[in-house]
Amino acid sequence: MSTVMITGASRGLGLEFTRQYAADGWKVIATCRNPEKATDLKRVPGDVIIKTMDVTDPIQITGLSTELKYEVIDVLINNAAVHGPYDEKSSFGDIDINSWLKVIRVNTISPLKVTEAFIENIKLSDKKTIVFISSRAGSVSERGLLPHHEIGGSYIYRSSKAALNAATQSLSFDFTTWGIGILVLHPGFVKTEMAGIEGDIDVKTSVSGMRKVIEEFTPSENGKFFNYDGEVIPW
């Protein structure tokens, strides 16, 4: 049986990843900040182990990594993320510094700290795959080229994902000697709480597509940035 660990599993993409992997017979370690409030997550059938882990809390991260010290993790999905303010506080002229720092911590720093904590679990696996859920909103090359990219805006969110993308590139080089693959995914413009009703696709379509990319991932694709449908996205 293969094992996947998913952060931010109580809702949205993380919840759907949990549902689909569990339905396919995987052992799922589903983490979230407040398991007691994760009603939908608790209802997912299958081999689902729910653990408390706020990805911004070093003590919780270390505690869980110690608890799972000998657990083999085949695929680690760093999914937990926040968008930050949608109003003028994320626009030039009135950017809120505290909000920016919070988003950077959740979206950029935390995935790296989670990866540090569970790297030995990944090394025990044959699959050895670490997935980072990013966003093509962080692509510098595509800035202004897509329909919903016509304006700047979202300085906070975009910069957090661009920084994450840069960090994953370093990991893809550093982890080569261990045979660990780094996969960066854009889930699409999904109808979740983060995107609201403006999304183009539902979570089931997004996650099904991303799981296909993960399953077909090869060493030659290490460190690449993919859309949920397999399209390669420029950095």
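The values are calculated or read from the model by the stated rules, or taken from the named source; none is laboratory data. Keep in mind that what you see is a predicted model, and the values were worked out from it rather than measured. For neighbour counting, all protein chains shown are included, and Cβ atoms are generated from backbone atoms with ideal geometry for every residue, glycine included.
Just to be sure before I move on: is residue 232 at pLDDT 95 or above and within 30 Å of residue 68 (Cα to Cα) in the structure I sent?
no
I'd like to verify a number: residues in the range 1-41 that are in contact with an Asp or Glu (Cβ under 8 Å, 6 or more places away or on another chain), assigned to a loop (DSSP other than H, G, I, E, B) and among the polar types (S, T, N, Q), how many?
Going through the range 1-41 one residue at a time, the tally reaches 2.
Quick check on my filter: what residues within the range 42-63 are surrounded by fewer than 20 Cβ atoms within 10 Å (Cβ to Cβ) and either among the acidic types (Asp, Glu) or part of a helix (DSSP H, G or I) (or both)?
Once the filter is applied, which keeps residues that are surrounded by fewer than 20 Cβ atoms within 10 Å (Cβ to Cβ) and either among the acidic types (Asp, Glu) or part of a helix (DSSP H, G or I) (or both), the range 42-63 yields 42, 47, 54, 57, 58, 59, 60, 62, 63.
Do you know which of the residues in the range 86-108 that are part of a loop (DSSP other than H, G, I, E, B) and not acidic (Asp, Glu) is surrounded by the fewest Cβ atoms within 10 Å (Cβ to Cβ)?
93
List every residue pair whose Cβ atoms lie under 6 Å apart, where the two residues are 6 or more positions apart in sequence or sit on different chains, the first residue falls within the range 43-64 and is at pLDDT 95 or above, and the second residue, located anywhere, is assigned to a strand (DSSP E or B).
47/27; 48/28; 48/30; 49/29; 50/30; 51/31; 53/31; 64/51
Looking at 95, 59 in this structure, which one is of a type in the set (Val, Ile, Thr), over 29 Å from residue 128 (Cα atoms) and out of contact with any Gly (no Cβ under 7 Å at 6 or more places or on another chain)?
Every option except 95 fails the conditions.
Filter the range 196-227 down to residues that are under 24 Å from residue 86 (Cα atoms) and either within 16 Å of the chain's Cα centre (by Cα) or of a type in the set (Gly, Ala, Ser) (or both), then give me how many there are.
5
From the list 83, 148, pick out the single residue that is at pLDDT below 95 and either in a helix (DSSP H, G or I) or in contact with an Asp or Glu (Cβ under 7 Å, 6 or more places away or on another chain) (or both).
So the residue among 83, 148 that is at pLDDT below 95 and either in a helix (DSSP H, G or I) or in contact with an Asp or Glu (Cβ under 7 Å, 6 or more places away or on another chain) (or both) is 148.
Which count do you get for residues in the range 163-179 that are surrounded by 20 or more Cβ atoms within 10 Å (Cβ to Cβ) and part of a helix (DSSP H, G or I)?
Qualifying residue count for the region: 4.
All but one of (1) without any contact (Cβ under 8 Å) to a residue 60 or more places away in the chain; (2) surrounded by 17 or more Cβ atoms within 10 Å (Cβ to Cβ) hold for residue 211; which doesn't?
(1)
If you scan the range 40-66, which residues turn out to be of a type in the set (A, V, I, L, M) and in contact with a Pro (Cβ under 7 Å, 6 or more places away or on another chain)?
50
Could you check, for the range 189-205, whether at least one of its residues is crowded, with 18+ Cβ neighbours inside 10 Å and more than 17 Å from residue 13 (Cβ to Cβ)?
Checked the range 189-205: no residue is crowded, with 18+ Cβ neighbours inside 10 Å and more than 17 Å from residue 13 (Cβ to Cβ).
Select from the range 42-88 the residues that are more than 26 Å from residue 23 (Cα to Cα) and touching a Ser or Thr at 6+ places or on another chain (Cβ under 6 Å) and list them in ascending order.
Result: 56, 84, 85.
Restricting the search to the range 64-80, which residues are outside any strand (DSSP E or B) and either surrounded by 13 or more Cβ atoms within 10 Å (Cβ to Cβ) or of a type in the set (Val, Ile, Thr) (or both)?
Answer for the range 64-80, where residues must be outside any strand (DSSP E or B) and either surrounded by 13 or more Cβ atoms within 10 Å (Cβ to Cβ) or of a type in the set (Val, Ile, Thr) (or both): 64, 65, 66, 68, 71, 72, 73, 74, 79, 80.
Scan the range 222-234 residue by residue and report those that are surrounded by 16 or more Cβ atoms within 10 Å (Cβ to Cβ) and not basic (Lys, Arg).
Hits for the range 222-234 are 222, 223, 225, 226, 227, 228, 233.
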